[in-house]
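The values are calculated or read from the model by the stated rules, or taken from the named source; none is laboratory data. Just so we're clear, the structure is a prediction, and the values are computed from it rather than from any experiment. Heads up, the Cβs are rebuilt from the backbone with ideal geometry, glycines too, and the neighbour counts pull from every protein chain shown. Side chains included, ligands, DNA and RNA excluded: accessible areas come from the protein's heavy atoms. Shrake-Rupley method; radii C 1.70, N 1.55, O 1.52, S 1.80 Å.
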Amino acid sequence: MSIRYVSTRGQAPELNFEDVLLAGLASDGGLYVPTELPTFSHEQLVAMQGMSYPDLAYEIVSPFVGDCIDEADLRAILNETYAEFRHPAVAPLIQLDHNQWVLELFQGPTLAFKDFALQLLGRLLDHVLARRGEKVVIMGATSGDTGSAAIEGCRRCENIDIFILHPHERVSEVQRRQMTTVIAPNIHNLAIQGNFDDCQAMVKASFVAEPFLPGGRRLVAVNSINWARIMAQIVYYFYSALALGRLDAPTSFSVPTGNFGDIFAGYLAKKMGLPVEKLVIATNKNDVLHRVLTEGVYSRLSLEPTLSPSMDITVSSNFERLLFDLAGRDGDELSRWMATFAEGGLALSTEALEQTKTMFDSHRCSDDETCEEIAQVWSSNGYLIDPHTAIGTKAARVCHGDSQAAMVTLATAHPAKFPAAIEASGIGVEAQLPRHLADLFERQEAFDVLPNDLAEVQTFMAENCRA
Ligand SMILES: *Cc1c(COP(=O)(O)O)cnc(C)c1O
């Protein structure tokens, strides 16, 4: 099976896996999605029970990769990727209550679930670039978790230089140090004298600008629109349901989500044959997705800063991938929907809304509720959760009702990454950084402060990528 990829807007060329990996956004402004999905029968799922994380990842991921990477190489890449995780199970499950579990997705090098995809993405890119004899430049903007995960994922890549822009003096010290203490000749941290939106705007402008890199080098995006990231995230839905051993009854998942990337991977897992009852969209005050389910309208409001900053978004870019299915996979129809959204708001048809509600449920938490939930889980389980995970466990309980299904909340970050929320919850304990980061505050940092000026940033990049 060699899966091809099409753009949600129907105007860009159909690509294979390798080209999708390098493309990021499609040339028509859409997002790439597979033309077909591999499916797994009950017997196949039973046979996969007990597989190690990298072996299971091979089963799930290889049909999407097709013949772009041969079996031995792909297995080696997956083994190496998941050997970076601290816990031998890679994604361990913790039981909180009868029928309530937490899936710890923060055992990777940067303590957030983004490591699952970005550790893999860096290695996949480096592998195909070596074969093609090409070098690329990754450029990204970050307000926190994505930047450090992307930097860690690329630190040993021979064929990639990475430039991550963060707003100077406006990211937390833990998050900044996780980026700036990775010292390698291909890692470039740019502290921009502006805010996150300024950083983001410069990245967007660079992707449509005249080529400015030496030797016609390609610019690659690693934000969650990159298909390979979604693909990597499908694996842990299978892994956790198989570990619970409940293949005769469906499992539900509660997913703290902003960009709809992580939960879209759960939707695909269901379509691939995993018995899934409900996918719970857990959001903070930036509730664009919750409003879709409760009001039937997809529309943006202004940004509200919260204690769960990794979900502070106004547009859920990956929601377009679900809308494409709701539009009957018709690129022209989807393009009209996205134009309506851009003009103010998209009202879903009754049919599309009903279809969405059969698969998804949603809940929104305020900062106060988030803090209460951290305190509640601490007092009943002695288990410390980060604010994003807290929104997930709260939504899990609210939406589970009297269902008999196992409910798994995705724990998207380690609590030590978000000390402000832990302190605000008033429990009087501090989350400790894991051993590999215990000396983070003593480590040497390297970053360049640059003005909020596109030309200067591009000149800096051109002069500083490796030969
Ligand atoms: C990125 C992130 C999220 C949101 O993930 P999406 O894929 O954008 O939905 C949630 N929690 C944490 C800790 C994150 O870093």
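Listed values, structure above:
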read-out	value
Of all residues making up region 287-322, the number that are touching a helix residue (DSSP H, G or I) at 6+ places or on another chain (Cβ under 8 Å), more than 14 Å from the ligand (Cβ to nearest atom) and free of Cβ contacts under 8 Å to residues at least 60 places away in the same chain	6
Filtered residues of region 394-411 (kept if within 23 Å of residue 243 (Cβ to Cβ) and either free of Cβ contacts under 8 Å to residues at least 40 places away in the same chain or within 16 Å of the ligand (Cβ to nearest atom) (or both))	395, 396, 408, 409, 410, 411
Test result for residue 417, within 15 Å of the ligand (Cβ to nearest atom) and in contact with a Cys (Cβ under 7 Å, 6 or more places away or on another chain)	no
Complete set of residues in region 102-128 that are over 13 Å from the mean Cα position of the chain (by Cα), charged (D, E, K, R) and within 13 Å of the ligand (Cβ to nearest atom)	104
Wholly enclosed helices (runs of 4 or more DSSP H) of region 101-199 bearing at least 2 residues buried (at least 24 other Cβ atoms within 10 Å of the Cβ) and in contact with a strand residue (DSSP E or B) (Cβ under 6 Å, 6 or more places away or on another chain)	145-154
Test: residue in region 323-341 that is within 16 Å of the ligand (Cβ to nearest atom) and in a helix (DSSP H, G or I)	yes
Residue in region 244-253 that is within 15 Å of the ligand (Cβ to nearest atom) and more than 30 Å from residue 457 (Cβ to Cβ) present	yes
Criterion: touching a residue at least 24 places away in the same chain (Cβ under 8 Å), in a loop (DSSP other than H, G, I, E, B) and of a type outside the set (Ser, Thr, Tyr) - qualifying residue of 427, 391, 422, 374	427
Of all residues making up region 253-291, the number that are in a loop (DSSP other than H, G, I, E, B) and aromatic (Phe, Trp, Tyr)	1
Helices (runs of 4 or more DSSP H) enclosed by region 4-77 - at least 2 residues per element that are modelled with pLDDT under 95	17-23
Residue 274 vs. criteria open to solvent by less than 10 Å² (accessible area, probe 1.4 Å) and more than 16 Å from the ligand (Cβ to nearest atom)	yes
Residue 143 vs. criteria modelled with pLDDT under 95 and within 16 Å of the ligand (Cβ to nearest atom)	yes
Filter result for the condition that a residue is open to solvent by 40 Å² or more (accessible area, probe 1.4 Å) and closer than 22 Å to residue 102 by Cβ, over 364, 336	364
Residue list for region 146-192, filter: of a type in the set (Asp, Glu) and away from the ligand (no atom under 16 Å from the Cβ)	158, 161, 169, 173
Sole exception among (1) surrounded by fewer than 19 Cβ atoms within 10 Å (Cβ to Cβ); (2) not in a helix (DSSP H, G or I); (3) not hydrophobic (A, V, I, L, M, F, W, C) for residue 436, by number	(2)
Every residue from region 292-301 that is open to solvent by 10 Å² or more (accessible area, probe 1.4 Å) and assigned to a loop (DSSP other than H, G, I, E, B)	299, 300, 301
Some residue of region 299-317 being out of contact with any Lys or Arg (no Cβ under 8 Å at 6 or more places or on another chain), under 18 Å from residue 5 (Cβ atoms) and at pLDDT below 95	yes
Residue tally, condition among the aliphatic types (A, V, I, L, M) and within 21 Å of residue 286 (Cβ to Cβ), over region 354-388	2
Filtered residue count, region 83-98, keeping only those that are more than 16 Å from the ligand (Cβ to nearest atom) and open to solvent by less than 10 Å² (accessible area, probe 1.4 Å)	1
Test: residue in region 397-405 that is buried (at least 22 other Cβ atoms within 10 Å of the Cβ) and part of a helix (DSSP H, G or I)	no
Residue, nearest to the ligand (Cβ to nearest atom), within region 200-235, restricted to residues that are in a loop (DSSP other than H, G, I, E, B) and more than 21 Å from residue 264 (Cβ to Cβ)	209
Hey, residue 387 under 27 Å from the mean Cα position of the chain (by Cα), open to solvent by 60 Å² or more (accessible area, probe 1.4 Å) and not small (Gly, Ala, Ser) or not	no
